[in-house]
């Protein structure tokens, strides 16, 4: 079973200063061990679920279900999806749920020890140092795979009752070109400008909630999918009072 270990050479003080000034920071070389094994594991997985925002409840399709729909069925879903995305919140990508903190460890699924690591004391100490706040649980984690035509429109991650303190994106994408899309965009004032971050490998994008952001459409020229693990750190119980 792979052990996940933090890079001991991270400049935590410099990262904390950047976060304090801008509300976000990218950590390069997050892990000293485990990132390559996790990347390879996710590339091999065939149980990804495609999720599409839709009225009432998300559409969820595994790869076999989507293939069985045929070209016409897929095209109809995609037309409706893109129409909704013109003036409202919308997304499409593939996902795998991360286990919760209290679920038994599954040595056959690398997302299980990863979840334990993200909940663990080493990551909590790092998050606290950078953000200046003691985090509670890492919540709603999922692995994501953005392929051709996938995207996520603008939103700020604020959810009533969730007490989300910071969002994080653990990048696992190798050899990505900027023009392939899949960019993490932080929206500027009045939606007139944006700061774009290209998908990278073994990085952690950490940013304060709420903050308007999106993921740009992945181009048909993309050589493979954009891999990441995403989720949020809640504020600790002490921060609720």
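The values are calculated or read from the model by the stated rules, or taken from the named source; none is laboratory data. Keep in mind that this is a model prediction, so the values were computed, not measured. No Cβ is skipped: glycine too gets one built from the backbone with ideal geometry, and neighbour counts run over all protein chains shown.
Residue 33 falls short on exactly one of the conditions (1) over 19 Å from residue 109 (Cα atoms); (2) over 19 Å from the mean Cα position of the chain (by Cα); (3) free of Cβ contacts under 8 Å to residues at least 60 places away in the same chain, and that condition is (1). When residues in region 121-150 are screened for being more than 12 Å from the chain's Cα centre (by Cα) and either in a helix (DSSP H, G or I) or modelled with pLDDT of 95 or more (or both), 16 of them pass. Please verify whether region 75-87 includes one or more residues that are without any contact (Cβ under 8 Å) to a residue 24 or more places away in the chain, closer than 24 Å to residue 168 by Cα and over 17 Å from the mean Cα position of the chain (by Cα). Scanning region 75-87 turns up no residue that is without any contact (Cβ under 8 Å) to a residue 24 or more places away in the chain, closer than 24 Å to residue 168 by Cα and over 17 Å from the mean Cα position of the chain (by Cα).
Taking strands (runs of 3 or more DSSP E) as the structural unit, those lying wholly within region 1-100 and holding at least 2 residues that are under 27 Å from residue 205 (Cα atoms) correspond to 24-28, 31-33, 49-52, 91-97.
Could you check how many residues of region 130-162 are farther than 26 Å from residue 14 by Cβ and touching a strand residue (DSSP E or B) at 6+ places or on another chain (Cβ under 9 Å)? Write out each step before concluding.
Taking region 130-162 and keeping what is farther than 26 Å from residue 14 by Cβ, we get 137, 139-156, 158-162.
Adding the requirement that they be touching a strand residue (DSSP E or B) at 6+ places or on another chain (Cβ under 9 Å) leaves 137, 139-147, 149-156, 158-159, 162.
Residues flagged as farther than 26 Å from residue 14 by Cβ and touching a strand residue (DSSP E or B) at 6+ places or on another chain (Cβ under 9 Å) within region 130-162 amount to 21.
Here residue 14 passes the criteria (1) farther than 16 Å from residue 129 by Cβ; (2) loosely packed, with under 13 Cβ neighbours inside 10 Å except the one numbered (1). A Cβ distance below 7 Å, combined with a sequence gap of six or more or placement on separate chains, defines the contacts here; from region 58-74, residues that are free of Cβ contacts under 8 Å to residues at least 12 places away in the same chain reach residues that are surrounded by 13 or more Cβ atoms within 10 Å (Cβ to Cβ) and in a helix (DSSP H, G or I) in the pairs 74/66. Of the residues in region 99-108, not one is more than 18 Å from residue 4 (Cβ to Cβ), surrounded by 13 or more Cβ atoms within 10 Å (Cβ to Cβ) and either free of Cβ contacts under 8 Å to residues at least 60 places away in the same chain or out of contact with any helix residue (DSSP H, G or I) (no Cβ under 7 Å at 6 or more places or on another chain) (or both). Among the residues here, residue 55 qualifies as more than 30 Å from residue 121 (Cα to Cα), out of contact with any strand residue (DSSP E or B) (no Cβ under 9 Å at 6 or more places or on another chain) and surrounded by fewer than 13 Cβ atoms within 10 Å (Cβ to Cβ).
Entry remark, region 186-223: residues being surrounded by 18 or more Cβ atoms within 10 Å (Cβ to Cβ) and free of Cβ contacts under 8 Å to residues at least 60 places away in the same chain number 3 in total.
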